[in-house]
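Peer 1: Before we start, here is the structure in question, set down as structure tokens.
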Amino acid sequence: MDIAFFSQLAFYGGVCLGLVGSALGLSIAFQAAIGIGEKKFFSVVPLVVLPSTQGIYSLLGGILKKDAFASNPSIGALLLWVGIVCFVSAIYQGKVCVAGVRAMGEGRNTLGNAIVAAVMPETYAVFAFVCLFLL
């Protein structure tokens, strides 16, 4: 096997990790939303869809860097790191969303606070995405 194989594996693996992390974060958050009841479900949807953005970052990074990857295979390693950061931050963002859903289920009007708290893990995915273009 040559270096090109591992570079491609890292490149597409990074995209995949971000998408899988989003799927896991969404499933964690939506499990709590389903438990909140039919009347309150749609009030928490803006909160529980937040983990989907990490998949968007890794997918967009792969799309935007695909041409550059052809001439510089080391971009694959960078995209792998972006994917790892997106994977982890999406899962933990989903867990923060659960806390927000739980608070709203108890009757507290905390949607704004919950969204602010849930965006905090995402900032690191944004930093990783920005690094993809700065490095």
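Peer 1: For a Förster distance of 30 Å, can you work out the FRET efficiency between the beta-carbons of Asn113 and Trp81, rounded to the nearest 0.05? Numbers along the way, then the final one.
Peer 2: Numbers: r = 31 Å, r/R0 = 1.03.
Efficiency for this residue pair is about 0.45.
Peer 1: Order Met120, Met104, most accessible first, counting only protein heavy atoms with a 1.4 angstrom probe.
Peer 2: On the way: Met120 105, Met104 25 Å².
Putting Met120, Met104 in descending order of accessible area: Met120, Met104.
Peer 1: Starting from 0.36 nm per residue, how many nanometres of slack lie between Val130 and Leu9 once their C-alpha separation is accounted for?
Peer 2: Values: separation 121, 0.36 × 121 = 43.56 nm, distance 2.15 nm.
Net length gain for the segment: 41.4 nm.
Peer 1: Relative to the longest principal Cα axis of the chain, at what angle does helix 75-105 sit, 0 to 90 degrees, rounded to 10?
Peer 2: 0 degrees
Peer 1: Enter the accessible area per residue of the chain (Å², integer; probe 1.4 Å; all protein chains in place).
Peer 2: Details: 7380 Å² over 135 residues.
Accessible area per residue: 55 Å².
Peer 1: Then there is this: Cα axis of helix 111-134 to longest principal axis of the chain: angle in degrees, 0 to 90, nearest 10?
Peer 2: So the inclination is approximately 0 degrees.
Peer 1: Net charge around Phe129, counting only other residues with Cβ within less than 13 Å of its Cβ (Lys, Arg = +1; Asp, Glu = -1)? Spell out each step's value before the answer.
Peer 2: Numbers: positive: Lys65; negative: Glu122.
Cβ neighbours under 13 Å give a net charge of 0.
Peer 1: Within the stretch 51-110, what whole-number % of the accessible surface is contributed by carbon and sulfur, with the 1.4 Å probe and all protein chains included in the calculation?
Peer 2: Values: 1950 of 2970 Å².
Carbon and sulfur atoms account for 66 percent of the accessible area of the stretch 51-110.
Peer 1: Could I ask something else about it? Find how many whole Å separate the alpha carbon centroid of the stretch 1-29 from the alpha carbon centroid of the stretch 71-135.
Peer 2: Here the two parts' Cα centres lie 15 Å apart.
Peer 1: Length gain on complete extension for the stretch Ser74 to Ile56, per 0.36 nm per residue less the alpha carbon to alpha carbon distance?
Peer 2: Working: separation 18, 0.36 × 18 = 6.48 nm, distance 2.14 nm.
So the chain would gain 4.3 nm between Ser74 and Ile56.
Peer 1: Based on alpha-carbon positions alone, could you give the equivalent ellipsoid semi-axes of the stretch 79-135 from the gyration tensor, as √(5λ), descending, whole Å?
Peer 2: On the way: eigenvalues 161, 23, 3 Å².
Each semi-axis is the square root of five times an eigenvalue, giving 28, 11, 4 Å.
Peer 1: What net charge do the residues around Tyr12 carry, taking every other residue with its C-beta under 14 Å from that of Tyr12, with Lys and Arg at +1 and Asp and Glu at -1?
Peer 2: Values: positive: Lys65, Lys66; negative: none.
Spelling it out: positives minus negatives among the neighbours equals +2.
Peer 1: If you don't mind, there's one more thing I want to ask. Here are labelled values, (1) 18.2; (2) 15.8; (3) 15.3, and one is the computed Kirkwood radius over Cα pairs in Å for what I pasted. Which one?
Peer 2: (3)
Peer 1: At Ile63 and Lys40, where each label point lies 7 Å from the Cα along Cα→Cβ, what is the point-to-point distance in nanometres?
Peer 2: 3.6 nm
Peer 1: Same structure, new question: Please work out how much accessible surface Ser7 shows to a 1.4 Å probe, ignoring ligands, DNA and RNA, in Å² rounded to 10.
Peer 2: Near enough 20 Å² of accessible area.
Peer 1: Mind pulling the angle between the C-alpha long axis of helix 52-71 and the longest principal axis of the chain? Nearest 10 degrees, somewhere in 0 to 90.
Peer 2: 10 degrees
The values are calculated or read from the model by the stated rules, or taken from the named source; none is laboratory data. Please read all numbers here as calculations on a predicted model, not as lab measurements. No Cβ is skipped: glycine too gets one built from the backbone with ideal geometry, and neighbour counts run over all protein chains shown. Note: areas computed on protein heavy atoms with side chains; ligands, DNA, RNA excluded. Shrake-Rupley method; radii C 1.70, N 1.55, O 1.52, S 1.80 Å.
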